[in-house]
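First up is the structure itself, then whatever we jot down about it.
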Amino acid sequence: MFVRVVTLRSKAGMEEQLQQMGRHVLVPVNKDAGCVEVYFMEPSLETDNIFFGVVSVWRDKETLETMKNSERYRNLLQDMGPLIESVTDQLYVVA
């Protein structure tokens with residue numbers, strides 16, 4: 001299995017839009033593509049942290065790559081682009 005961990009730093013003032021897109025578009029894109037589990041993580045209300053996270057679990061790397069190369073995912077990235085200051089993307093293997 002593979003675990004993908006993505007961290008998204010929101011541009012100032014774009015937090016609510018990024019939150020809505022993460023909840024209502026990003027999570028379904030992952031689920032529809034065949035991930036085992038997906039979690040969209042939001043900053044704690046007690047902090048000024050503007051980082052969001054996405055953790056998705058995949059049975060195989062090929063399914064993940066198919067999703068990442070899909071038109072639907074590419075369109076999502078384009079739509080999210082103006083909301084995001086920076087992105088980190090890490091892939092881990094579950095032993």
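The values are calculated or read from the model by the stated rules, or taken from the named source; none is laboratory data. As the structure is a prediction and not an experimental result, all values here were calculated from the model. In this analysis, Cβ positions are derived from the backbone assuming ideal geometry, glycine residues included, and neighbour counts consider all displayed protein chains. Note: accessible area is taken over every heavy atom of the protein model, side chains too, but ligands, DNA and RNA are not part of it. Shrake-Rupley method; radii C 1.70, N 1.55, O 1.52, S 1.80 Å.
In the chain, the longest principal axis of the Cα atoms and the axis of helix 71-80 are about 20 degrees apart.
Shown are Met80, Met21, Met1, whose ranking by accessible area with a 1.4 Å probe and every protein chain present, most to least, is Met1, Met21, Met80.
A straight chain from Ile50 to Gln19 at 0.36 nm per residue would run longer than the Cα-Cα distance by 10.1 nm.
Rounded to the nearest 20 Debye, what is the dipole magnitude of the chain about its Cα centre when Lys and Arg each give +1 and Asp and Glu each give -1 at the C-beta? Walk me through the numbers on the way to the answer.
Details: 10 positive and 14 negative charges, 55 e Å.
With Lys and Arg at +1 and Asp and Glu at -1, about 260 debye.
Accessible surface of the chain, 1.4 Å probe: 52 percent of it comes from carbon and sulfur atoms.
Here the label points at Glu62 and Val94, each 7 Å from Cα along the C-beta direction, are separated by 1.9 nm in the simple model. In the context of the full set of protein chains, residues of segment 5-81 present 60 Å² of accessible surface per residue (probe radius 1.4 Å, heavy atoms only).
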